[in-house]
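What follows is a short report on a single structure.
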Ligand SMILES: [Ca+2]
Ligand SMILES: [Ca+2]
Ligand SMILES: [Ca+2]
Ligand SMILES: [Ca+2]
């Protein structure tokens, strides 16, 4: 839902704040990233600029050819599925790190002494406080703006509570401030090595979808949620509903009992790195003309449109006009 804002800030700042809110919103509600694509497809696509900002096909092909060489670990001029998987792993890590870096800088961390479990001596480190984060992400004037519909304000207030719960979970040494490593868990809990942090995603999805509170997400609960959370444009495809239902039954509901329990939710929301292997297989077969299960540079360049997600964020960042955040248009709609 789009809201009209009436406070006195210059236009650019307001735009940026809204974009950031959307960004944070997306990172706080990662089901939007994964609900229809339990692999990383959406995350990996989110960095690609709109067609109007993209460089020429020649430039993209040249970039892919350069990256191809780097990915070809055994230098046989072919990429195996395993080599493509490693490439996907690397791009994925770059996207996460870039996202963490960008948000970390935005929140303007300050330096102070931090105690941790490993070292006896405190260390000077950059940190963020909850108040600093909260005031910048959910400023009072936004939460209390009488022009904002009640329903929207309630939903933002809930987001603050969720964010606070995540903050506490990501704060591994319980000093109420987050160092960058903890902040990474905060904005990307699905990547965390801490099971408690990952568990918050299951908890949040139950809160969002489990309307009768029995700790099981039925197909109906799942579909109701997807319908309300997916932009209309995406839902318009005639087979959208059938595709989502079959996704639930064939992939998510592993024991085929018609509902998702916590374990099934967990493997949906925090999939293992094997998903990159699936992605690599999909990418290779999308361009593998001679069917040898490997990619030549010609095969890749001929189908260059299929390989945008393998180009790291650093390359794309150069082509964004007006310093837009990655995927901002898409995130706009989700607010
Ligand atoms: Ca090779
Ligand atoms: Ca901490
Ligand atoms: Ca239920
Ligand atoms: Ca089940």
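Cβ separations smaller than 9 Å between residues 6+ apart or across chains give the following pairs from the range 108-133 residues that are on the phi > 0 side of the Ramachandran plot to residues that are part of a strand (DSSP E or B): 108/128.
Taking the conditions exactly as written (away from ligand 1 (no atom under 16 Å from the Cβ) and at pLDDT 95 or above), does residue 128 satisfy them or not? Yes; evaluated as a whole, the condition is true for this residue. Applying a threshold of 9 Å to beta carbon distances and a minimum spacing of six or more residues, or different chains, the list of pairs starting in the range 150-164 at a residue that is part of a helix (DSSP H, G or I) and ending at one that is modelled with pLDDT of 90 or more and loosely packed, with under 13 Cβ neighbours inside 10 Å reads 158/207; 162/207. You will find that of 113, 147, 126, the residue that is more than 11 Å from ligand 2 (Cβ to nearest atom), surrounded by fewer than 13 Cβ atoms within 10 Å (Cβ to Cβ) and assigned to a strand (DSSP E or B) is 113 and no other. Filtering the range 98-107 to residues that are touching a residue at least 12 places away in the same chain (Cβ under 8 Å) and part of a helix (DSSP H, G or I) leaves 98, 99, 100, 102, 103, 104, 106. Of all residues in the range 73-84, those that are farther than 11 Å from residue 295 by Cα and without any contact (Cβ under 8 Å) to a residue 40 or more places away in the chain have Cβ atoms under 8 Å from Cβ atoms of residues that are within 6 Å of ligand 1 (Cβ to nearest atom) and not in a loop (DSSP other than H, G, I, E, B), 6 or more apart or on another chain, in 73/83; 74/83. Restricting the range 220-232 to residues that are within 16 Å of ligand 4 (Cβ to nearest atom) and within 14 Å of residue 265 (Cβ to Cβ), which is surrounded by the most Cβ atoms within 10 Å (Cβ to Cβ)? Selected residue: 222. Free of Cβ contacts under 8 Å to residues at least 60 places away in the same chain and buried (at least 18 other Cβ atoms within 10 Å of the Cβ), is that true of residue 248? Answer is yes for this residue.
Scanning the range 204-225 for residues that are closer than 30 Å to residue 94 by Cβ and at pLDDT 95 or above returns no hits.
When the range 202-218 is filtered for residues that are in contact (Cβ under 8 Å) with a residue 40 or more places away in the chain, buried (at least 16 other Cβ atoms within 10 Å of the Cβ) and under 17 Å from residue 253 (Cα atoms), the ones remaining, listed by number, are 202, 205, 206, 216, 217, 218.
The values are calculated or read from the model by the stated rules, or taken from the named source; none is laboratory data. The structure presented is a predicted model; accordingly, all values stated were derived computationally and were not measured. Glycine gets a Cβ as well: all are built from the backbone with ideal geometry, and neighbour counts include every protein chain shown.
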